[in-house]
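To start, the structure under review is shown below, and the notes come after it.
The values are calculated or read from the model by the stated rules, or taken from the named source; none is laboratory data. Just so it is clear, the structure is predicted and the values come from calculations on it, not from any experiment. Because the Cβ atoms are built from the backbone with ideal geometry, glycine has one as well, and the counts that use them run over all protein chains shown. Only protein heavy atoms, including side chains, enter the accessible area calculation; ligands, DNA and RNA are left aside. Shrake-Rupley method; radii C 1.70, N 1.55, O 1.52, S 1.80 Å.
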Amino acid sequence: MRLTLSEIKKKAKEVIPDGIPYTVELEAGTIALITPTPDAFSQKGNALTVKLAKAIRRRIVVRPDPSILAKEEDVMSTVKEVIPEEAGLTNIWIDPALSEVTIECHDPSTAIGAKGANLVELRDRLGWLFRAERSSAIESKTLNNIRRYRRETAAERKELFRKFGSRIYRPKRSSAPWVRLTALGSYREVGRAMHMVTTNESRVLVDCGAKPTNNRSEIQPFFDAPELLPLDNIDAVIITHAHVDHIGMLPVLFKFGYRGPVYCTPPTRDLMALLQQDYIKVSRMEHGDEAPYSIADIEMCIKHVIDIEYGQKIDVAPDMKMTMENAGHILGSSSVYLEIGEDKNLHRLLFSGDIKYEKSWLFDAATVRFPRVDSLVIESTYGGRSSFQPTRQEATAELQDLIRRTLARGGKIFCPVFAVGRSQEVMVAIDQLFKSEDFTSDPCTVWLDGMIAEATAIHASHPNFLNRDLRQQVLRGGDENPFNSPWFRTVDSRERREQIVLDPSPCIVLATSGMMTGGPILHYLQHWAPNDRATLAFVGYQASNTLGRRLQEGYSEVPMAQDGHTMMVDVKCDIVTIDGFSGHSDRRQLLDYVNALNPKPRRIICHHGDDTVCNEFRKTLTETFKVRTAAPHNLESIRLL
């Protein structure tokens, strides 16, 4: 049901009794009721928010009027007074833009009190909205910095929420409805994902990534495409997940003037900030280039982020509603379900995102529960005819056997890993081995180099996005939390890295980057590639034309840059590829995913795969499901409605 802001206010007036003071404000697509009497909206048997939500079919939140809010310093002191000492209070985070206070503590149930007594007391005394969260076993600097930044920019963010909402609830245009998808990156290739969904009323961008390649002209998506410009015409950006090939170029939009919302899950927000900062660092250190954006551009991006939880439906444009669901790929990864238009012109478009349709050590399998899908845009990374992978259990057994053999001969293992996802999967597999009764050797040190330690802290900070088993282990903490195990140690300096490569004792190193296009993994390769007692173990996808792919293909020597010069490094170490740890579905899982959608999509569009793989997979989908398929090239458009 399409509504303008004035129509929403009219509906609110019909539902809310005259004696209750309130104003209607917009928080992007969410409707906020600002009132000095919040209790009046939630009294038992008279839930006005429920009635209004049903009337306008929108998400409603009730927030306290600024007139009843205590000063922030009073909030800090009163929380410390009310919350029992045994709750183990660790942090108090205030977000003035939403009038919310988050209390971090070791025992949230004690902090909340019997029947929520402590939080009710705090609300009654201070006016703010309170919630209690369990303190993370590993504190994330990234998350803490984002919370501080949000507090500092609260006034600007509140104004941005209004601006975003005003754009969403603008009057309807009278033109005939249509929907078009334009390929701006990741079509017939892996990397630089970017899709433009255009209708007669709006433009929404999905992902904005960088391509892992040494070809400098192919790193960025097609920013110069006419569909993208001017940037002021873009209603929203939606981010499926935080790998660099999906978020690496997002700050470029802000550098050149985009000032609209960015929708993503909270873990994606945190990982995105971490990886974008690292992208700047790697550009300067590894390639000697200035990054295409600055820290200020990343901060501007974070300021414009709207947090979205799984299953939460929200308006992102005048004629588009969005729901994000678990994609099973990495922490916070999402499939994006767009409901475009209404009534007989309703078109339901699903972006699978990068998906894993199998339960992993970290996440549940990708969600397939969608009401109906008219058009599906699906990844094709492992869609080739021979692209079949072992199960997680088989991959784990293979890795554990490799570790046993290598340690028995006093060797070393070094793994190029993505900081997000594969690192934590491999950590869990190693932890299982070292804790198992049949592992009779002494556990060796497992060094984490690059951003892996901070990425792991972000995982620990968002336990609700992990699968049930791991979530319970993380929440229980102590020895049960695999990320806390003593064999995992962080490489905290260049000196430490030098000590590791010169130390003859056995060890395991997990280091970025995952495709060996940069990062500390190159340092270990330089020193250990000539060592026939060392093993280079690949556990993730290696894109074409990357150093990782060349090593996988058996090159006996590879060029490496050192001190501004290129040197050839002999490769005598063992090279092993362990399939099954990938966060991508293999061919069988991709077909199972499509088969599980009920009813079947009427059209399927393939992307995020090598040229031949995309076309091969498209043909298989046509033969198997008897639906219309396409594998467009970049810059091509497909009309969906």
Could you tell me whether segment 473-494 includes any residue that is in contact with a Leu (Cβ under 7 Å, 6 or more places away or on another chain) and closer than 30 Å to Gly311 by Cα? yes
Qualifying residues in segment 132-174 (those that are of a type in the set (A, V, I, L, M) and in contact with a strand residue (DSSP E or B) (Cβ under 8 Å, 6 or more places away or on another chain)) - the one farthest from Glu7 (Cα to Cα): Ala132
How many residues are assigned to a loop (DSSP other than H, G, I, E, B) and either out of contact with any Lys or Arg (no Cβ under 8 Å at 6 or more places or on another chain) or open to solvent by less than 10 Å² (accessible area, probe 1.4 Å) (or both) if we restrict to segment 176-185? 4
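Go through segment 224-240 and give me each residue that's assigned to a loop (DSSP other than H, G, I, E, B) and over 20 Å from Ile295 (Cα atoms). Let's see the steps before the verdict.
Our first condition is that a residue be assigned to a loop (DSSP other than H, G, I, E, B); within segment 224-240, this holds for 224-225, 229-230, 234-235, 239-240.
Correct list: Asp224, Ala225, Leu229, Pro230, Ile234, Asp235, Thr240.
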Would it be correct to say that Ala87 is over 28 Å from Lys321 (Cα atoms) and buried (at least 19 other Cβ atoms within 10 Å of the Cβ)? yes
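Go through segment 556-570 and give me each residue that's of a type in the set (Ser, Thr, Tyr) and either at pLDDT 85 or above or surrounded by 16 or more Cβ atoms within 10 Å (Cβ to Cβ) (or both).
Within segment 556-570, Ser556 is the sole residue that qualifies.
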Looking at (1) touching a helix residue (DSSP H, G or I) at 6+ places or on another chain (Cβ under 8 Å); (2) more than 27 Å from Leu402 (Cβ to Cβ); (3) open to solvent by 50 Å² or more (accessible area, probe 1.4 Å), which one does Phe625 not meet, given that it meets all the others? (3)
Scan segment 13-34 residue by residue and report those that are in contact with a helix residue (DSSP H, G or I) (Cβ under 7 Å, 6 or more places away or on another chain) and under 28 Å from Val262 (Cα atoms). Val24, Glu25, Leu26, Glu27, Ala28, Gly29, Ile31, Leu33
Does segment 478-498 include one or more residues that are surrounded by fewer than 21 Cβ atoms within 10 Å (Cβ to Cβ), touching a Lys or Arg at 6+ places or on another chain (Cβ under 7 Å) and outside any helix (DSSP H, G or I)? no
Answer from Glu139, Glu152 - the residue that is at pLDDT 95 or above and either loosely packed, with under 13 Cβ neighbours inside 10 Å or out of contact with any His (no Cβ under 9 Å at 6 or more places or on another chain) (or both): Glu152
Output for segment 324-348, where each listed residue is in a strand (DSSP E or B), among the hydrophobic types (A, V, I, L, M, F, W, C) and either within 16 Å of Arg269 (Cβ to Cβ) or touching a Phe, Trp or Tyr at 6+ places or on another chain (Cβ under 8 Å) (or both): Met324, Val336, Leu338
For Thr445, indicate whether it is over 27 Å from the mean Cα position of the chain (by Cα) and at pLDDT 95 or above. yes
Options Thr23, Thr37; residue that is surrounded by fewer than 15 Cβ atoms within 10 Å (Cβ to Cβ), within 36 Å of the chain's Cα centre (by Cα) and more than 22 Å from Met322 (Cβ to Cβ): Thr23
Do the conditions hold for Asp354, that is, is it under 18 Å from the mean Cα position of the chain (by Cα), surrounded by fewer than 23 Cβ atoms within 10 Å (Cβ to Cβ) and touching a residue at least 60 places away in the same chain (Cβ under 8 Å)? no
Lone unmet requirement of (1) touching a residue at least 60 places away in the same chain (Cβ under 8 Å); (2) part of a strand (DSSP E or B) for Met196: (1)
Counting only residues that are of a type in the set (A, V, I, L, M) and part of a loop (DSSP other than H, G, I, E, B), which one in segment 533-555 is surrounded by the fewest Cβ atoms within 10 Å (Cβ to Cβ)? Ala543
Matching residues in segment 3-47 (assigned to a strand (DSSP E or B) and of a type outside the set (D, E, K, R)) number 9
Is at least one residue of segment 450-466 among the charged types (D, E, K, R) and either more than 25 Å from the chain's Cα centre (by Cα) or open to solvent by less than 10 Å² (accessible area, probe 1.4 Å) (or both)? no
Yes or no: segment 571-593 includes at least one residue that is in contact (Cβ under 8 Å) with a residue 12 or more places away in the chain, crowded, with 17+ Cβ neighbours inside 10 Å and over 29 Å from Gly548 (Cβ atoms). no
Assess whether Ile60 counts as being in contact with a Lys or Arg (Cβ under 9 Å, 6 or more places away or on another chain), surrounded by 18 or more Cβ atoms within 10 Å (Cβ to Cβ) and within 20 Å of Leu160 (Cα to Cα). no
List the residue pairs whose Cβ atoms are under 8 Å apart, where the first residue sits in segment 520-533 and is more than 19 Å from Met285 (Cα to Cα), the second is aliphatic (A, V, I, L, M) and part of a helix (DSSP H, G or I), and the two are 6 or more positions apart or on different chains. Trp528/Val501
Working carefully through the options Leu525, Leu510, find the one that is surrounded by 21 or more Cβ atoms within 10 Å (Cβ to Cβ) and in a helix (DSSP H, G or I). Leu525
Flag for Lys80 being of a type outside the set (Gly, Ala, Ser), touching a helix residue (DSSP H, G or I) at 6+ places or on another chain (Cβ under 8 Å) and surrounded by fewer than 18 Cβ atoms within 10 Å (Cβ to Cβ): no
Of the residues in segment 595-615 that are touching a helix residue (DSSP H, G or I) at 6+ places or on another chain (Cβ under 9 Å) and more than 18 Å from His347 (Cα to Cα), the one that is most open to solvent (accessible area, probe 1.4 Å) is Asn595
Looking for something farther than 25 Å from Pro212 by Cβ and in a loop (DSSP other than H, G, I, E, B) - is there at least one such residue anywhere in segment 601-611? yes
Are any of the residues in segment 186-201 modelled with pLDDT of 95 or more and open to solvent by 60 Å² or more (accessible area, probe 1.4 Å)? no
In segment 410-459, what count of residues is obtained for those that are within 21 Å of Val474 (Cα to Cα), of a type in the set (D, E, K, R) and free of Cβ contacts under 8 Å to residues at least 24 places away in the same chain? 0
